[in-house]
Amino acid sequence: MVKRPVFFYGWIIVAITVISMILIYGIRHSFSVFFSRILQEFPWSRGNIAVMFSLNIFIYGLLAPVAGALADRWNPRRVMLLGVVILGLATAGCALVSELWHFYLLFGCLMPLGSAFSGWPIMAPSLINWFTKRRGLVLGIGQMGGGLSFVYSIFIEFTISQMGWRETFIVLAVILVIFLLPLYLFFFYYRPEEKGLHSYGGEVAFPVLPSSTGGAGIRSSMLWERTLGEILRGPRLWFLVLSYALFWGVGGYLVLAHQVKFTEDAGYSSLFSVSIFAIFGITLFMGQLSGFVSDWWGREKTVTLATVLSIGALIALLLVRDTSQPWLLYAYSISLGYGAGLFSPTLFAASADIFYGRHYGAVAGLLLAGMGAGGAVGPWIGGYLFDLSGSYTSSFILCMISMGLSCIMLWMAAPRKAALNRVKEKGR
């Protein structure tokens, strides 16, 4: 008989997700903080250094579907424990680098392997498993850790100033292992059935699709479930993949990789530049927490709002010339943070509206693969265009174009029509 405790254990999974996102993605997002130190110590160009960040995102995207598939078919806890160990060793290894290829191997290749096997590619399907209702809210809360990972950069900047950048990599690795290994080993469960529980709102065997899809009250137990091959052959998945690739992969990670150095180039101190990065993280967290908006307003409208805010933020950034108008940087960090934070949980909720089922782990992994493909271009091209022109203007314009196209792709995927379309497909 299924237990019905007063406190739903799924909220423990949400809390673990937040903590893991801070520690795992705090290491990836620390690139912007380490960037200027590496540039000072080694005679490498901005474009060449940025390749290590592009590699990180690209390899992460390639491995995300693998991680999602392993979680669906194997033991998710073992995969995640292995990921933490790999990520910890790769992070600590960055303290010993002396050649550019060392960074490419450790930061660019091994770190994303550990991140994919211990982070969001497994956490997102887990949250979907634990929560049938309020997915927009839960995915938003889960991704709050991603926003707070940018705030983590303040701690990283302080540690670098006190100990040096090499020692800071070791500190980050130790913190990661000490916190995440016991959390994953003793408290993490991939599915509620592992604890004899139903998902939240899952008294029925299948979920109820949210009203924003246009199919309020239609239970997916009535709906025909696609095979993985049918999902891959349809255009809607690839619209979502392109949307994530353009918004976060190209647009988001290009500006995030270079924003601290851009601010320093304008004449601001390193600490002030990192504080702008942290403000972005706080408002990113607020945007992610607002993911519930898409549950009642609709996925497409919510992504449109996120896109308008993000493009407006980049316009403010383009207007920065010197230290005379710091309010432009505040406007940038607040607007981009909230917009980008609102985008991610809405996209994953949209994908769950359309594709939830036994193949959702693979779908979530492919979304991250798209982000990785875009991320392979974004940070590198930002550095390359700067090396050519001495300015980030063309790079930030590219970000705005990418985000606008991303919004169009989400509308073409049409999550609002998910329930009705699946009913029609069932009748074929």
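Quick note: the coordinates plus some simple rules give every number you see, no bench work behind them. None of the values given here were measured: they were computed from a predicted structure. For neighbour counting, all protein chains shown are included, and Cβ atoms are generated from backbone atoms with ideal geometry for every residue, glycine included.
So here's what we get for this one:
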read-out	value
Residues with amide H under 5 Å from that of Phe131, placed H, sequence gap 5 or more	Tyr200
Förster-model FRET efficiency, 35 Å R0, Phe186 and Leu100, C-beta, rounded to 0.05	0.30
For the stretch 9-74: rounded, prolate or oblate by the Cα gyration tensor [a/c cutoff 1.5]	oblate
Relative packing of 11-23, 182-194, 97-109, which averages over residues the other C-beta atoms within 10 Å, highest first	11-23, 97-109, 182-194
Dimensions in Å of the stretch 305-386 - Rg and Dmax from alpha carbons	16.5, 55
Extension gain from Ile178 to Leu39, taking 0.36 nm per residue of separation minus the Cα-Cα distance	47.0 nm
Rh by Kirkwood over Cα pairs, then Stokes-Einstein D for the stretch 269-428 at 1.567 mPa s and 4 °C, µm²/s	75
Percentage relative contact order, the stretch 69-142, counting C-alpha pairs under 8 Å, at least six apart	32
Cβ-Cβ FRET estimate between Ser389 and Leu82, R0 fixed at 60 Å, reported to 0.05	0.90
Relative contact order %, the stretch 259-329, counting alpha carbon pairs below 8 Å whose residues are six or more apart	33
The stretch 243-287 residues near the modelled Lys417 label - backbone nitrogen below 19 Å, point 7 Å along Cα→Cβ	243
Pair Met163, Ile401: separation of 7 Å Cα→Cβ label points (nm)	4.3
Label-to-label distance, nm, for residues given as Ile12 and Thr304 (7 Å Cα→Cβ offset)	4.3
Shape box of the stretch 283-329 [Cα atoms, principal axes, largest first, Å]	42, 18, 9
GNM result for the chain, Cα springs below 10 Å: residue of Ser290, Ser310, Ser394 fluctuating most strongly	Ser394
Range of Cα positions in the chain per principal axis (Å), largest first	62, 42, 37
